[in-house]
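The structure appears below as structure tokens.
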Amino acid sequence: MNQHGLFTVLDLAGTFAFAISGAVAARNRGLDWFGVMVIAFSVACGGGIVRDLCIGAVPPAGLTDWRYLTVAMVAAVMTIAAGSLVTRLAHPVTFFDSLGLGLFAVTGAQKALIYGHNAEVAVLLGVVTAVGGGVVRDVLLNRVPVILQREIYASAALVGALIEVVGERLGWMSSARTWFALFVCFALRYLSLRYKWNLPRASDYGKKHSD
């Protein structure tokens, strides 16, 4: 599979994972079926649309490529129709959010590189692609965005995007570096939630030095 094909597969997989994450969160908040579909699409495509606008890939793929809307709607319908099956997974929102985070951190950086942008832009847009959908979900569901909390979220996406970009610059085999970057981002996010790893607060540092 060539680089473009791998990018498309991973981007659609990330769309599916984030759509399920958004649909489950919306269902848990008591939204109707239309609300679940809106949240699923917004979460699945929000970060990618921002990325495409930033790199000049207009109109954004999330709005023009029928596959993204279809994948998001299939994920939403699956969540509505087979909710009991989805919830059998331990912490489904956490799992799919972590999976989507890793997938989008990698594909966001990849697409920026494909469009000829430098390493710094690629890393930044990898993070934006990964966290954008989660921010949209939390805002629409009237929650404090995860990115503003102590959880390891954007930092996990940053690590994944860095591995992808640095690996590309060092000439690592494309499929190997992509899967490695995806795994590290997913594992860092998922394990941080499982074992309650958090970033330190600035106020905690101040208290330590004032004692």
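Side notes on the structure shown:
- Scanning the stretch 55-72 for residues that are over 16 Å from Ala13 (Cβ atoms), surrounded by fewer than 18 Cβ atoms within 10 Å (Cβ to Cβ) and in contact (Cβ under 8 Å) with a residue 40 or more places away in the chain yields a total of 2.
- Considering (1) open to solvent by 10 Å² or more (accessible area, probe 1.4 Å); (2) in a helix (DSSP H, G or I); (3) out of contact with any Lys or Arg (no Cβ under 8 Å at 6 or more places or on another chain), the lone condition that Ser42 does not fulfil carries the number (3).
- You will find that of Ala161, Ala122, Ala156, the residue that is out of contact with any Pro (no Cβ under 8 Å at 6 or more places or on another chain), of a type in the set (A, V, I, L, M), surrounded by 18 or more Cβ atoms within 10 Å (Cβ to Cβ) and under 13 Å from Gly47 (Cβ atoms) is Ala161 and no other.
- Of everything in the stretch 164-193 that is among the aromatic types (Phe, Trp, Tyr) and farther than 14 Å from Gln110 by Cβ, the residue that is most open to solvent (accessible area, probe 1.4 Å) is Phe183.
- Residues in the stretch 125-147 that are of a type outside the set (A, V, I, L, M), assigned to a helix (DSSP H, G or I) and surrounded by fewer than 24 Cβ atoms within 10 Å (Cβ to Cβ): Asp138 alone.
- Odd one out for Arg67 among (1) modelled with pLDDT of 85 or more; (2) within 21 Å of Val131 (Cβ to Cβ); (3) not acidic (Asp, Glu): (2)
- Given (1) assigned to a helix (DSSP H, G or I); (2) closer than 19 Å to Lys111 by Cα; (3) modelled with pLDDT of 90 or more, number of the condition Met37 does not satisfy: (2)
The values are calculated or read from the model by the stated rules, or taken from the named source; none is laboratory data. Computed from a predicted structure; not experimentally measured. Positions of Cβ are backbone-derived with ideal geometry, glycine not excepted, and every protein chain shown enters the neighbour counts. Areas reflect the complete protein model, heavy atoms only, side chains present, ligands, DNA and RNA absent. Shrake-Rupley method; radii C 1.70, N 1.55, O 1.52, S 1.80 Å.
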